[in-house]
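So the structure is just underneath, and the comments pick up after that.
The values are calculated or read from the model by the stated rules, or taken from the named source; none is laboratory data. This structure is a prediction, so every number in the text was calculated from the model and none was measured. All Cβ positions, even for glycine, are placed from backbone atoms using ideal geometry, and neighbour counts span all protein chains on display.
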Number of protein chains: 2
Amino acid sequence: MAAISNKAAMSSDAVETYPEVIEKLKRLYKTRIRPVEELYSFQQFHSPLLEDADFEAAPMVMLLGQYSVGKTSFIRYMLERDFPSQRIGPEPTTDRFVAVMYGEEDRVVPGAAASIRKDKPFQGLDKFGVSFLSKFEVAECPSPILEKVTFIDTPGVLSGEKQRLGRTYDFVETCEWFAERSDLILLLFDAHKLDISDEFKRSIEALRGHDDKIRVVLNKSDMVNSQQLMRVYGALMWSLGKVFATPEVVRVYIGSFWDQPLHNSENQALFEAEEQDLMADLRYLPRNAAVRKINELVKRARLVKVHALLISHLRGEMPSMFGKGKKQKALLDGMLEVFKTVMRQHQLPPGDFPDLERFKARAAEYEFNKFPKLNMSMIESMNSVLAADIPQLLELIAPVDD
Amino acid sequence: MAAISNKAAMSSDAVETYPEVIEKLKRLYKTRIRPVEELYSFQQFHSPLLEDADFEAAPMVMLLGQYSVGKTSFIRYMLERDFPSQRIGPEPTTDRFVAVMYGEEDRVVPGAAASIRKDKPFQGLDKFGVSFLSKFEVAECPSPILEKVTFIDTPGVLSGEKQRLGRTYDFVETCEWFAERSDLILLLFDAHKLDISDEFKRSIEALRGHDDKIRVVLNKSDMVNSQQLMRVYGALMWSLGKVFATPEVVRVYIGSFWDQPLHNSENQALFEAEEQDLMADLRYLPRNAAVRKINELVKRARLVKVHALLISHLRGEMPSMFGKGKKQKALLDGMLEVFKTVMRQHQLPPGDFPDLERFKARAAEYEFNKFPKLNMSMIESMNSVLAADIPQLLELIAPVDD
Ligand SMILES: Nc1ncnc2c1ncn2[C@@H]1O[C@H](COP(=O)(O)OP(=O)(O)OP(=O)(O)O)[C@@H](O)[C@H]1O
Ligand SMILES: Nc1ncnc2c1ncn2[C@@H]1O[C@H](COP(=O)(O)OP(=O)(O)OP(=O)(O)O)[C@@H](O)[C@H]1O
Ligand SMILES: [Mg+2]
Ligand SMILES: [Mg+2]
């Protein structure tokens with residue numbers, strides 16, 4: 001099908017990307033949160049420092065599905081051109097995760113290189129090791145839509161033995177990593193050959209908690225007639241309703257997402273309306289992504305604050321002269337009491353505290369008397385980010401017009 | 001929609017009703033099973049003797065659904081005419097169970113009268129008492145399709161308080177009674193106003209075990225456009241998948257089952273194909289009903305056999321002169337042992353035995369020494385019905401041509 005107008009609209013300036021919101025958010029982080037993280041070694045206890053790319057990255061759309069349902073073709077259709085390293089075919093073809101991003105020229109950045117580049121939001125991926133990084137790459141090309149959205153192509157889910165034998169990394173875990181950072185997750189199915197393997201069910205179940213990001217695409221819907229389409233669609237909903245435990249029905253887009261003419265045009269009007277709705281869904285992505293980034297920064301700032309208070313509390317408990325080793329051991333053993341004291345003193349919600357055992361394990365590697373002291377003005381400044389700056393930022397984002 | 005040709009085909013002679021199978025089955029029962037039932041008072045322990053009507057009755061199709069989904073209109077559409085007592089309207093209208101059956105003239109037989117007539121298969125209904133019988137009636141009229149099938153119209157399911165307040169009998173229990181005797185159960189939904197209340201879910205759950213008889217009709221599908229229809233249908237399957245615990249998808253017929261022109265004709269071809277499939281489903285009813293009646297008679301004959309062996313065993317244990325009362329008490333107390341002995345002696349499957357406590361309670365009302373003795377030739381004759389006559393009968397029924 002051809003719906004150039006849709007995709008043109010998507011890549012035009014009509015799509016608000018909130019650059020000023022992102023810019024302010026980045027500055028807030030750099031000037032008022034990151035310094036606290038650095039002072040109290042937050043990255044050693046929690047997650048890497050954030051880089052500009054983590055703020056500036058376009059919203060991510062991940063595609064998941066059994067092999068040959070048309071994931072790569074779908075991306076090609078959105079781009080209106082081929083992208084480097086793209087492989088399309090009736091056999092299992094895509095054998096790695098591919099982040100399809102904007103770039104002035106066509107080029108492929110291998111996974112290991114991409115994961116150390118500060119201008120890409122993939123630094124977190126190195127925790128999956130080289131066996132995964134060799135199965136990941138970034139494909140850049142100058143398709144206009146990529147200025148607004150990054151697509152994550154994935155290898156097709158296979159069933160049973162094949163799945164286990166072929167892969168040297170944990171597929172479900174890596175999917176979870178991308179799911180967390182995605183703003184939309186598209187589950188693709190083939191109307192012509194509907195198949196919901198146990199493996200795929202497990203991948204879907206691993207997406208629990210991201211329900212609001214999930215959309216389903218029933219692809220190749222023109223390869224069957226109206227009555228068959230109803231049966232296939234019905235069977236899909238029947239099974240999905242069981243996999244998703246929620247009463248809310250997931251949105252399914254029915255159509256054929258490639259640039260070939262419809263095989264069976266009975267449902268042309270339906271497919272066109274569905275595609276328009278899907279494009280509208282994509283147009284809201286930058287807005288949703290901006291809100292998501294703000295929310296994530298809020299969550300992060302609260303963790304940082306608790307972390308800073310814990311570390312400086314431990315420092316404050318240390319004797320200035322003798323008995324340091326003994327005191328440090330007592331503090332480690334009584335870490336639960338430390339948590340409780342800090343919680344009470346600063347009236348912090350328990351949910352913002354880190355996992356006790358993990359924190360103890362990390363802390364044991366340090367000498368508490370070398371921890372920095374409490375810097376209350378830094379904490380106050382971070383507090384006012386949460387109390388004043390963030391609410392102002394949220395106001396800059398237009399409400400959804402339904 | 002109009003599909004006269006379909007309904008004409010349904011009521012024509014092309015639909016095989018297997019009169020000779022039914023006739024033979026009836027004779028087998030009357031000559032070789034019923035005499036055993038009468039001799040050993042089977043009806044006092046189990047269920048009433050079967051009458052000709054129980055064999056000859058046309059296959060039953062029960063309609064269930066929330067109020068105003070178009071159940072009564074559906075029947076009217078199949079009949080191609082009004083039927084006596086029919087009421088159609090946007091408010092809850094049908095306030096009782098109505099068996100719509102063939103009759104030379106239009107007339108209504110009230111429930112109480114219908115339940116005592118030997119020429120109707122409704123004698124079992126009297127167990128629900130007068131409060132139910134006043135909410136049941138038989139509507140007779142000479143529509144040709146009724147020679148092949150009886151429709152059971154039902155009051156619409158209401159939600160919450162209304163449901164409980166309005167009814168003086170147990171709706172779910174009566175539904176179960178009809179479901180057991182039906183050959184097809186149609187669950188109707190309104191595409192224009194989809195609503196699956198908790199009450200309706202409970203009714204559906206009560207149909208467990210009859211899954212193979214259940215079909216769904218998504219009615220009034222022409223009142224919405226294609227995209228809305230997809231959403232409604234998807235939501236229906238999503239919920240039904242959760243209510244029916246089975247992986248097999250229930251068959252849904254999508255259309256508009258009344259004689260008005262389509263409101264929205266986008267899906268006309270689909271609706272017509274769906275209606276043809278539904279009519280084909282109905283054409284198989286007599287065949288399925290014949291098989292069901294045979295299966296039920298087999299089940300019944302096995303119960304009768306066990307019953308006869310138990311009764312005659314109790315008789316055989318009784319002393320001819322003194323100590324009758326004491327012996328009867330000992331037998332009652334040791335009924336489990338009696339069951340085990342009879343099971344062993346005649347190598348009977350435990351599944352054919354009645355509920356122990358219920359049997360004891362009934363038996364206690366009799367004097368065991370007045371029970372009839374074992375009539376082995378009657379039992380043998382019943383055995384050969386199961387071993388020889390029934391398999392022959394089954395061969396008379398053509399296999400389903402797919
Ligand atoms: N909308 C469509 N209608 C019909 N056929 C399609 C459609 N989209 C793709 N195809 C065909 O389906 C096959 C698989 O396509 P593609 O390689 O894009 O799937 P994939 O999901 O990326 O598979 P893999 O998991 O192996 O990477 C190809 O032969 C392609 O031409
Ligand atoms: N296929 C149809 N399309 C649109 N409207 C319909 C259709 N069938 C019936 N209706 C209308 O819906 C309303 C309810 O119809 P009907 O009385 O047959 O429903 P019902 O399920 O029998 O309701 P109740 O449970 O109250 O007996 C009536 O106004 C009828 O004209
Ligand atoms: Mg692919
Ligand atoms: Mg009615």
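Taking the stretch B:177-204 as the range and being acidic (Asp, Glu), surrounded by fewer than 22 Cβ atoms within 10 Å (Cβ to Cβ) and not in a helix (DSSP H, G or I) as the test, the residues that pass are B:Asp190, B:Asp195. When B:Asp106, B:Asp95 are screened for being at pLDDT below 95 and either away from ligand 1 (no atom under 16 Å from the Cβ) or small (Gly, Ala, Ser) (or both), only B:Asp95 passes. Only one entry in A:Leu133, A:Leu125, A:Leu146, A:Leu158 is away from ligand 4 (no atom under 16 Å from the Cβ), touching a residue at least 12 places away in the same chain (Cβ under 8 Å) and closer than 22 Å to A:Ile196 by Cβ, namely A:Leu158.
Which one of these is in contact with a helix residue (DSSP H, G or I) (Cβ under 8 Å, 6 or more places away or on another chain) and either buried (at least 21 other Cβ atoms within 10 Å of the Cβ) or within 17 Å of A:Leu133 (Cβ to Cβ) (or both): A:Ala113, A:Ala99, A:Ala58?
That would be A:Ala99, the only listed residue that is in contact with a helix residue (DSSP H, G or I) (Cβ under 8 Å, 6 or more places away or on another chain) and either buried (at least 21 other Cβ atoms within 10 Å of the Cβ) or within 17 Å of A:Leu133 (Cβ to Cβ) (or both).
Within the option set B:Thr72, B:Thr93, being outside any strand (DSSP E or B) and either farther than 20 Å from B:Leu146 by Cβ or away from ligand 4 (no atom under 16 Å from the Cβ) (or both) holds for one residue only, B:Thr93.
Checking each residue in the stretch A:234-248 for being facing chain B (nearest Cβ under 8 Å) and polar (S, T, N, Q) picks out only A:Ser239.
When the stretch A:75-90 is filtered for residues that are among the hydrophobic types (A, V, I, L, M, F, W, C), within 11 Å of ligand 3 (Cβ to nearest atom) and either outside any helix (DSSP H, G or I) or loosely packed, with under 14 Cβ neighbours inside 10 Å (or both), only A:Ile88 remains. For B:Asp212, the stated conditions do not hold, so it cannot be described as more than 16 Å from ligand 3 (Cβ to nearest atom), among the acidic types (Asp, Glu) and in contact (Cβ under 8 Å) with a residue 12 or more places away in the chain. For the stretch A:149-161, the criterion of being touching a Phe, Trp or Tyr at 6+ places or on another chain (Cβ under 8 Å), away from ligand 1 (no atom under 16 Å from the Cβ) and more than 14 Å from chain B (Cβ to nearest Cβ) is met by at least one residue.
Checking the stated criteria, A:Arg231 turns out to be modelled with pLDDT of 95 or more, facing chain B (nearest Cβ under 9 Å) and either surrounded by fewer than 23 Cβ atoms within 10 Å (Cβ to Cβ) or under 22 Å from B:Val252 (Cα atoms) (or both). There is no residue in the stretch A:288-300 that is within 14 Å of chain B (Cβ to nearest Cβ), surrounded by fewer than 17 Cβ atoms within 10 Å (Cβ to Cβ) and not polar (S, T, N, Q).
Return the residue satisfying two criteria in turn: it lies in the stretch B:254-271 and is more than 10 Å from chain A (Cβ to nearest Cβ) and either among the β-branched types (Val, Ile, Thr) or buried (at least 21 other Cβ atoms within 10 Å of the Cβ) (or both), and of such residues it is nearest to ligand 3 (Cβ to nearest atom). Looking at residues that are more than 10 Å from chain A (Cβ to nearest Cβ) and either among the β-branched types (Val, Ile, Thr) or buried (at least 21 other Cβ atoms within 10 Å of the Cβ) (or both), I get B:Gly255.
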